[in-house]
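Here the structure comes first, spelled out in structure tokens, and everything after it is commentary.
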Amino acid sequence: MRPLQFGRTTVERIVEVETMWFDPEWLYPNMTNEVLARNADWLGPRLFDATARKIPLSFHSYLIRTPHLNILVDTCNGNHKVRTPKVAWQDRLASDAYLRNLAAAGLRPEDIHIVMCTHLHTDHVGWNTYLKDGRWVPTFPNARYLMAREEYEYFSRLFATRPDYPVAHGSFEDSVLPVVQAGLHELVDMHHVVEGHLDDGVWMEPAPGHTPGHVTIHVKGGGQEAIMSGDIIHHPILLAEPGLQMYADFDAEMGKRTRMRLIERCADTSTLLLSAHFPAPTAGHVCSCGDAFRFKFLSD
Ligand SMILES: [Zn+2]
């Protein structure tokens, strides 16, 4: 994905894991061979490996550069994090790719002013912290870490009631609480404006369902808009198959309503949809197609 331009603001992708392949049923428990077969043509090999019967996810952040701020949206899985067997593929990763790719964009961790997480699941908060001398410390020491108040309070309550249970597979304790203990967090309203104002700048909007305080991050400038949709949609097949259930949704019905609202808002407009998990080239548009929708990637 080339850096995208929104007036004087740019958005680019900082990759942690370019592509990881998953069983479709792991993500969507009610997936069937019929659903895969009727979508195989438009998905193509980039979005569905028919031989291995796997679908791909990417893990990346978005870097928003305004004239004043360097903002990271979502911080992927992180290194050395001990994870539960349910997410064994995240367990104790040890790769320099993420910080190397940030450096290739010309930035050190110290240069990040704001970290925004669409939600507090483990694959969106991992690089919030890193291991230093046996302790988890904030990776971005000069950043304010913005979290929707509803989201933080929900996970905080879980942690308080069951301190022995690995909340969010352990990530609340090793990737969120150390930021709070360092005083770098800021609990914000789900309509929080980071720069400019609503409808022109960088702001959050509520998008609950996948988690109680999930937000989308919006960038608009120079007449162009993008929506960073976090985990509202993990894979483009959902545009054509809205009946697929998402395994990790906190409230499946609410998640579906939020997803359809987002899809209908983007459909047949110039608004770019930037998912947290679509593989390269990642950015693209939603187009209507009969009574369903398709995703059309921007060319590389
Ligand atoms: Zn995710």
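The values are calculated or read from the model by the stated rules, or taken from the named source; none is laboratory data. Quick caveat, the model's predicted, so the values are computed rather than measured. Note that we place each Cβ from the backbone using ideal geometry, even for glycine, and neighbour counts take in every protein chain shown.
Can you work out which of the residues in segment 1-43 that are among the hydroxyl-bearing types (Ser, Thr, Tyr) and within 16 Å of Glu241 (Cβ to Cβ) is surrounded by the fewest Cβ atoms within 10 Å (Cβ to Cβ)? Spell out the reasoning first.
Start the filter on segment 1-43 by keeping residues that are among the hydroxyl-bearing types (Ser, Thr, Tyr), which leaves 9-10, 19, 28, 32.
This time we only want the ones that are within 16 Å of Glu241 (Cβ to Cβ), so: 28, 32.
Values: Tyr28: 22, Thr32: 13.
Within segment 1-43, the match that is surrounded by the fewest Cβ atoms within 10 Å (Cβ to Cβ) is Thr32.
Here is a yes/no grid of residues against (1) away from the ligand (no atom under 16 Å from the Cβ); (2) farther than 20 Å from Met204 by Cα; (3) surrounded by fewer than 18 Cβ atoms within 10 Å (Cβ to Cβ); (4) among the basic types (Lys, Arg):
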residue	(1), (2), (3), (4)
Gln224	yes, no, yes, no
Leu238	no, yes, no, no
Lys256	yes, no, no, yes
Glu264	yes, no, yes, no
Leu274	no, no, no, no
Cys289	yes, yes, yes, no
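Is it true that some residue in segment 82-90 is of a type in the set (A, V, I, L, M, F, W, C), farther than 15 Å from Tyr145 by Cα, within 15 Å of the ligand (Cβ to nearest atom) and touching a residue at least 24 places away in the same chain (Cβ under 8 Å)? Walk me through it before giving the result.
Here is the first cut: in segment 82-90, the residues of a type in the set (A, V, I, L, M, F, W, C) are 82, 87-89.
Within this subset, residues satisfying the condition of being farther than 15 Å from Tyr145 by Cα are 82, 87-89.
Then keep just the ones that are within 15 Å of the ligand (Cβ to nearest atom); that gives 87, 89.
Right, trim to touching a residue at least 24 places away in the same chain (Cβ under 8 Å) and you get 87, 89.
Looking through segment 82-90, at least one residue is of a type in the set (A, V, I, L, M, F, W, C), farther than 15 Å from Tyr145 by Cα, within 15 Å of the ligand (Cβ to nearest atom) and touching a residue at least 24 places away in the same chain (Cβ under 8 Å).
Has segment 48-62 got any residue that is among the polar types (S, T, N, Q), without any contact (Cβ under 8 Å) to a residue 12 or more places away in the chain and more than 12 Å from the ligand (Cβ to nearest atom)? Break it down stepwise before answering.
Taking segment 48-62 and keeping what is among the polar types (S, T, N, Q), we get 51, 58, 61.
Next cut, without any contact (Cβ under 8 Å) to a residue 12 or more places away in the chain only: 51.
Now restrict to residues that are more than 12 Å from the ligand (Cβ to nearest atom): 51.
Yes.
Select from segment 56-86 the residues that are of a type in the set (Gly, Ala, Ser) and in a strand (DSSP E or B) and write down the one among them that is farthest from the chain's Cα centre (by Cα). Step through it out loud before you land on a result.
Our first condition is that a residue be of a type in the set (Gly, Ala, Ser); within segment 56-86, this holds for 58, 61, 78.
Those still in the list that are in a strand (DSSP E or B) too: 58, 61.
Details: Ser58: 10, Ser61: 7 Å.
This residue is Ser58.
Looking at segment 104-114, is at least one residue within 16 Å of the ligand (Cβ to nearest atom), more than 20 Å from Ser275 (Cα to Cα) and surrounded by 17 or more Cβ atoms within 10 Å (Cβ to Cβ)?
no
Out of all the residues in segment 199-211, which are surrounded by fewer than 17 Cβ atoms within 10 Å (Cβ to Cβ) and over 14 Å from Gln224 (Cα atoms)?
Of everything in segment 199-211, those that are surrounded by fewer than 17 Cβ atoms within 10 Å (Cβ to Cβ) and over 14 Å from Gln224 (Cα atoms) turn out to be Glu205, Pro206.
When segment 130-152 is examined, which residues are found to be aliphatic (A, V, I, L, M) and in a strand (DSSP E or B)?
Within segment 130-152, the subset aliphatic (A, V, I, L, M) is 131, 137, 143, 146-148.
The answer is Leu131, Val137, Leu146, Met147, Ala148.
If I filter segment 164-214 down to residues being of a type in the set (Ser, Thr, Tyr) and part of a helix (DSSP H, G or I), which single residue comes out as modelled with the lowest pLDDT? Walk me through how you get there before you give the answer.
Residues of segment 164-214 of a type in the set (Ser, Thr, Tyr): 165, 171, 175, 211.
After this cut, where a residue has to be part of a helix (DSSP H, G or I) as well, the list is 171, 175.
On the way: Ser171: 92, Ser175: 97.
Per the stated criteria, the residue is Ser171.
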